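Here is the structure we will look at, set down as structure tokens.
The values are calculated or read from the model by the stated rules, or taken from the named source; none is laboratory data. The structure displayed is predicted, hence computed values, not measured ones. All Cβ positions, glycine included, derive from the backbone under ideal geometry; neighbour counts span all protein chains shown.
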Amino acid sequence: MGRSQWIAVAAVSVLLLLTYWGCPVRPPEMEEGFKRGPLESTGLESLIRAARSELTPAEIATLSDLESRLEKQELPENRRPLLEQLAGEWYRAGHPAISGIYAKEIAEDENTEDAWSITATTFNICLKQADADDKTRQFCASQAEQAYQAAISLDPKDADNRINLAVSYTDFPPRDNPMKGILLLRELEQQYPENPRVYTTLAQLAIKTNQWEKAAERLEKAVELAPDNPDAVCNLARVYETLNRTDEAAPLAARCEELVK
């Protein structure tokens, strides 16, 4: 094969790869998770097998019917309502890991920021389940990471998915980088200095480790940026009470009651 033929083949290969993977390009700072590859050590069938013993007969009948109907559908528009029902039924049954798998199939078809964000949030709920085993949490962590990154790539300017990704890292820290979530949040503080949610999230992490003074500092900044944000106001009142700063806590507690009515 001549040089010109090799060049032609290479050009076609590049075009095929671009067509297959599509756009948009992921933000460079979010590429690391994809390079690491999938971390999950379980999947839909094994999760369902493990979950069936915890289901009621009525739940088993409903889910079996939906799964049977889904298998008979090939068109995306016919599969979508069944996938939504399966995601909802598994979530209500207390199995967000399985719910997230069906949500992911919807997101892969829609490829919208909202669909990927919902998928990621569903898997992130799995990470917060106290009774989830390590394999399931590892699976959910990997899926949440990839879904948040997909959402970020579709809307790079939105800070919320970046914050949620950082929180997922704190809920299930990568073994090779246990501080990854906190470090990412600190980066976001530099990137989004006017976003109150960055500060309320950092404050929640400080509260978890009993760093009350640091939590107060973060929440004070959040209240300064968003005086009517109940997450900032109510949590700052609680932190002041813990620190015995009662004179400062009282007006904030009153303001909190007004905001949550």
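Name the one entry in 175, 218 that is of a type in the set (Lys, Arg) and in contact (Cβ under 8 Å) with a residue 12 or more places away in the chain.
218
Residues of region 53-80 being of a type in the set (Asp, Glu) and farther than 15 Å from residue 94 by Cα, which ones? Step through it out loud before you land on a result.
Here is the first cut: in region 53-80, the ones of a type in the set (Asp, Glu) are 54, 59, 65, 67, 71, 74, 77.
65, 67, 71, 74, 77, listed by residue number.
Right, residue 143: free of Cβ contacts under 8 Å to residues at least 12 places away in the same chain and either buried (at least 22 other Cβ atoms within 10 Å of the Cβ) or in a helix (DSSP H, G or I) (or both) or not? Quick ask: steps written out before the conclusion?
On the way: free of Cβ contacts under 8 Å to residues at least 12 places away in the same chain: no; either buried (at least 22 other Cβ atoms within 10 Å of the Cβ) or in a helix (DSSP H, G or I) (or both): yes.
So residue 143 does not fit the description; no.
Would you please list the contacts, defined by Cβ atoms under 8 Å and residues six or more apart or on different chains, that run from a residue in region 62-78 that is in contact (Cβ under 8 Å) with a residue 24 or more places away in the chain to a residue that is assigned to a helix (DSSP H, G or I) and aromatic (Phe, Trp, Tyr)?
Pairs found: 63/90.
Does residue 93 qualify as being surrounded by 19 or more Cβ atoms within 10 Å (Cβ to Cβ) and in the same structural domain as residue 164 (by TED's automatic domain parsing)?
Details: surrounded by 19 or more Cβ atoms within 10 Å (Cβ to Cβ): no; in the same structural domain as residue 164 (by TED's automatic domain parsing): yes.
So residue 93 does not fit the description; no.
Scanning for something touching a Leu at 6+ places or on another chain (Cβ under 9 Å), surrounded by fewer than 19 Cβ atoms within 10 Å (Cβ to Cβ) and charged (D, E, K, R), does region 166-186 turn up at least one residue?
yes
Being within 23 Å of residue 199 (Cα to Cα), without any contact (Cβ under 8 Å) to a residue 12 or more places away in the chain and either buried (at least 18 other Cβ atoms within 10 Å of the Cβ) or of a type outside the set (Asp, Glu) (or both), is that true of even one residue in region 149-157? Give the steps one after another, and end with the answer.
Pass one, region 149-157, residues within 23 Å of residue 199 (Cα to Cα): 149, 151-152, 155-157.
Checking which are without any contact (Cβ under 8 Å) to a residue 12 or more places away in the chain leaves us with 157.
Remaining after also requiring either buried (at least 18 other Cβ atoms within 10 Å of the Cβ) or of a type outside the set (Asp, Glu) (or both): 157.
Within region 149-157, one or more residues are within 23 Å of residue 199 (Cα to Cα), without any contact (Cβ under 8 Å) to a residue 12 or more places away in the chain and either buried (at least 18 other Cβ atoms within 10 Å of the Cβ) or of a type outside the set (Asp, Glu) (or both).
For region 107-117, which positions are part of a helix (DSSP H, G or I) and of a type outside the set (A, V, I, L, M, F, W, C)? Working first, answer last.
Of region 107-117, the ones part of a helix (DSSP H, G or I) are 107-110, 113-117.
Scanning region 107-117 gives 108, 109, 110, 113, 114, 117.
With the structure loaded, tell me whether residue 228 is over 28 Å from residue 168 (Cβ atoms) and either in contact with a helix residue (DSSP H, G or I) (Cβ under 9 Å, 6 or more places away or on another chain) or surrounded by 14 or more Cβ atoms within 10 Å (Cβ to Cβ) (or both) or whether it fails that test.
Values: over 28 Å from residue 168 (Cβ atoms): no; either in contact with a helix residue (DSSP H, G or I) (Cβ under 9 Å, 6 or more places away or on another chain) or surrounded by 14 or more Cβ atoms within 10 Å (Cβ to Cβ) (or both): yes.
For residue 228, the condition - over 28 Å from residue 168 (Cβ atoms) and either in contact with a helix residue (DSSP H, G or I) (Cβ under 9 Å, 6 or more places away or on another chain) or surrounded by 14 or more Cβ atoms within 10 Å (Cβ to Cβ) (or both) - is not met.
Could you say whether any residue in region 206-219 is more than 25 Å from residue 171 (Cβ to Cβ) and surrounded by 19 or more Cβ atoms within 10 Å (Cβ to Cβ)?
No, because not a single residue in region 206-219 is more than 25 Å from residue 171 (Cβ to Cβ) and surrounded by 19 or more Cβ atoms within 10 Å (Cβ to Cβ).
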